[in-house]
1. Explain nothing, just compute: Karplus ³J(HN,Hα) = 6.51 cos²θ - 1.76 cosθ + 1.60, θ = phi - 60°, for every residue of the range 103-116 in order, whole Hz, x for Gly and Pro.
2. Give, to the nearest whole percent, the P(r) tail of the range 76-129 beyond 13 angstrom, counting all Cα pairs.
3. What does the charge count near P71 come to, summing +1 for each Lys or Arg and -1 for each Asp or Glu among other residues with Cβ under 14 Å from its Cβ?
4. Scan around K44 for amide H atoms under 5 Å from its own, H built in the peptide plane at 1.01 Å from N, and keep only partners 5 or more places away or cross-chain.
5. Taking 0.36 nm per residue of separation and subtracting the Cα-Cα distance, what length does fully extending V188 through S202 add?
6. Under a Cβ-Cβ cut-off of 14 Å, what is the net charge of the residues other than A87 that fall near it, where Lys and Arg count +1 and Asp and Glu count -1?
7. Treating only the Cβ atoms of Lys and Arg (+1) and Asp and Glu (-1) as charged, compute the dipole magnitude of the range 13-98 about its Cα centre; round to the nearest 20 debye.
8. Report Rg (one decimal) and Dmax (nearest whole number) for the range 100-196, counting Cα atoms only, units Å.
Amino acid sequence: MNGALVGILAAVAVLLLLAMAAIKIVPEYERGVVFRLGRIIGAKGPGLFVIIPVVDRMVRVSLRTVTMDIPPQDIITKDNVTVRVNAVTYFNVVDPNRSVVAIEDHIKGTSQIAQTTLRSILGQVDLDELLINRDEINQRLQRIIDDVTNPWGVKVTLVEVKDVELPQPMRRAMARQAEAERDRRAKVIHAKGEFEAAQTLSDAAERLEEHPAAMQLRILSTMAEVTDERSSTLIFPLPMELLRLVDTLGKGGRQPGPHVERA
């Protein structure tokens, strides 16, 4: 009797173990890639499904987007400037079967190809292009890495260059260049202002010469600006014709009288 009870309990335990090994539950963000006697039969899930214990083996694959930092890379740009660049890449599995069969570790493989592509692409651009055309370089990196990882069932959705560390001598040189550029723009703006002021004064002089009355009004306006309530300055305007007459008399002297011939 005791032996039969022990046998029944052992059978129940074995059945429970087989049930636990056969029943699989996969969450929404995962898939279970099932191998039967070493041959892949496909991805199952999400939810509850049953496999054959001992005969089948399941490998879980996450479909969530992976955010992976690309370690800082020392890169020599096309114009022979050494920079230190780090980036981040976003990718996810779109084909669980290929992510298991085509590559041993798709996360490690994507990381390695991202590092080599980053060094290769940034070594083909100038420093100014790296600092200015960041969006174009990011798209180029994403396209190249995605083409390599596509046979693995991995989709690279985004690659972003996060930081570009420049050596101190290069930073000082760029600061001097920016300062010189600002000085150049300031001098050009000042020269344009002087030119426009001279042109305006020339036009004003021509207009005042055409209308003498306007000159008198301008003199009176200047007198009103110079003298105020607290000023003790006295201004006596003199007509310009009077000054011209004085200048003419000073240069010509007395007019000679009639010439008389003597016999």
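1. 8, 5, 9, 5, 5, 5, x, 5, 4, 5, 5, 5, 5, 5
2. On the way: 948 of 1431 pairs.
Taking all Cα-Cα pairs of the range 76-129, the fraction more than 13 Å apart is 66 percent.
3. Numbers: positive: R84, K108, R119, K162; negative: D69, D74, D163, E165.
My count for the surroundings of P71 gives 0.
4. G32, V33, V34
5. On the way: separation 14, 0.36 × 14 = 5.04 nm, distance 2.11 nm.
Answer, rounded to one decimal: 2.9 nm.
6. Values: positive: R84, R119, R134, R140, K162; negative: D69, D74, D135, E160, D163, E165.
Here the count lands on -1.
7. Numbers: 11 positive and 7 negative charges, 77 e Å.
With Lys and Arg at +1 and Asp and Glu at -1, about 360 debye.
8. 21.2, 75
Where a number appears in this text, it was derived from the coordinates with a stated rule and is not lab data. Because the structure is predicted, anything quoted here is derived from the model rather than measured. Neighbour counts are summed over all protein chains in view; Cβ atoms, including those assigned to glycine, are modelled from backbone coordinates with ideal geometry.
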